[in-house]
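**Q** To start, I am sharing the structure in question, which I have written as structure tokens.
The values are calculated or read from the model by the stated rules, or taken from the named source; none is laboratory data. Please read these numbers as outputs of a predicted model, since none were measured by experiment. Cβ sites come from the backbone with ideal geometry, for glycine too, and all protein chains shown count toward neighbours. Ligands, DNA and RNA are stripped out before the accessible areas are found, and what is left, the full protein with its side chains, is counted by its heavy atoms. Shrake-Rupley method; radii C 1.70, N 1.55, O 1.52, S 1.80 Å.
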Amino acid sequence: DGAEVNTQRTDPLKIDTDGDGLTDRAELVLHRTDPVVADSDDDGLSDGAEIATHHTDPLDADSDHDGLVDGAEVNVHRSDPLAVDTDGDGLPDGEEVFLHHTDPAAADTDRDGLSDWDELFFYGTDPADADTDRDGMPDGWEIYYEFNPLHAADGVPAPIGEYGTLDLVQTNAL
């Protein structure tokens, strides 16, 4: 018991000194985690949760190396701490959060019908704003009907149509 206290800093009266859900023995022998620190990699997930629930590495704060620590992926962004690109849109989760300010768990953050990647690298629209040019028409709709989602004056309202719908007249194509 003296060696346990002096060498490992564990409490001989507790099977799990740090209360993380792993026995001190399992932490020392199997996982090589710190038995007196509940979160050995300081990523916001306890060692026990990383091993038993999330299957992440309790010694690596960012198990998938996508730029987001595991705890932020699980507790804040609802992304997968084991997938570099949770939503499959071609953008790494960390890049979505820190560079593009998009949702790493949604391929189309603004739900306009265009993927975040397409908006950033193909159309030049804002993936966090469904109507980049503020003309009242969602970017995806404008692309589909061959309007320019970056130019507000490319469509003008037409008179109410024969069936009571508002028609749009294209004045400036892509």
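**Q** Between S40, L22, L59, whose Cα lies farthest towards the positive end of the dipole of region 1-135 when Lys and Arg beta carbons carry +1 and Asp and Glu beta carbons carry -1, centred on the Cα centre?
**A** L22
**Q** Next up: In the full protein assembly as shown, how much of L150 is accessible to a 1.4 Å probe, in Å² to the nearest 10?
**A** Ignoring ligands and nucleic acids, L150 comes out at about 90 Å².
**Q** With an 8 Å cut-off on Cα pairs and a minimum separation of 6 or more residues, tell me the relative contact order of region 1-81 in percent.
**A** Once divided by the residue count of region 1-81, the mean separation gives 18 percent.
**Q** Decide, for region 1-143, between rounded, prolate and oblate: order the square roots of the alpha carbon gyration tensor eigenvalues as a ≥ b ≥ c, take rounded if a/c falls under 1.5, and otherwise choose prolate if a/b is larger than b/c, else oblate.
**A** Cα axes put region 1-143 in the prolate bin.
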